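Visitor: Let me begin by handing over the structure; questions about it come next.
The values are calculated or read from the model by the stated rules, or taken from the named source; none is laboratory data. Predicted, not measured: the structure shown is a model, and the values here were computed from it. With ideal geometry, Cβ positions are generated from the backbone for all residues, glycine too; neighbour counts draw on all protein chains shown.
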Amino acid sequence: MFSDFRSLNIVNSYSMYGPQFVEPVFKKEKQESMYESGEIENIVHLPVKAARPDATCSVFHDDLVRQVRIFRSTCSITA
C-alpha cells in the first residue's frame, strides 16, 4: 500500500512546518548578535519550529565534539 505512495513521491513531500516557521535560536551569543544587528525584529512575531533534541545552550556543549561523536558512530571507529 505505502510503496505506491512512495513511488509517486507523495509521502516524502509533506513537511511538518510551513515556510513561515523559523529555526529556533538557542545559543545566547547568536541571540545577542541578532539583537545588536536588529535582525531579531524581523522574526520576533513569527512562529518558531520546535528545537531539535540535540539543541542546547549548555556551556559544556561543543559542536565539534558532537560532530566527531556522530562521525565515529557512523564509521564504527572505536577508541
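Visitor: Out of the residues in the range 52-64 that are surrounded by 10 or more Cβ atoms within 10 Å (Cβ to Cβ) and farther than 25 Å from M16 by Cα, which is modelled with the lowest pLDDT? Steps first, please.
Guide: First pass over the range 52-64, keeping only residues surrounded by 10 or more Cβ atoms within 10 Å (Cβ to Cβ): 52, 55-57, 61-62.
Now narrow it down to the ones that are farther than 25 Å from M16 by Cα: 61-62.
Working: H61: 67, D62: 71.
Per the criteria, the residue is H61.
Visitor: Any residue in the range 10-26 that's more than 22 Å from P53 (Cβ to Cβ): show its pairings with residues that are surrounded by fewer than 12 Cβ atoms within 10 Å (Cβ to Cβ) and at pLDDT 80 or above at Cβ separation under 8 Å, as long as the two are six or more apart or on different chains.
Guide: The qualifying pairs are Q20/L46; Q20/P47.
Visitor: Let me ask something else. Which ones in the range 19-51 are modelled with pLDDT of 85 or more, touching a Pro at 6+ places or on another chain (Cβ under 8 Å) and part of a loop (DSSP other than H, G, I, E, B)?
Guide: The answer is Q20, F21, K49, A50.
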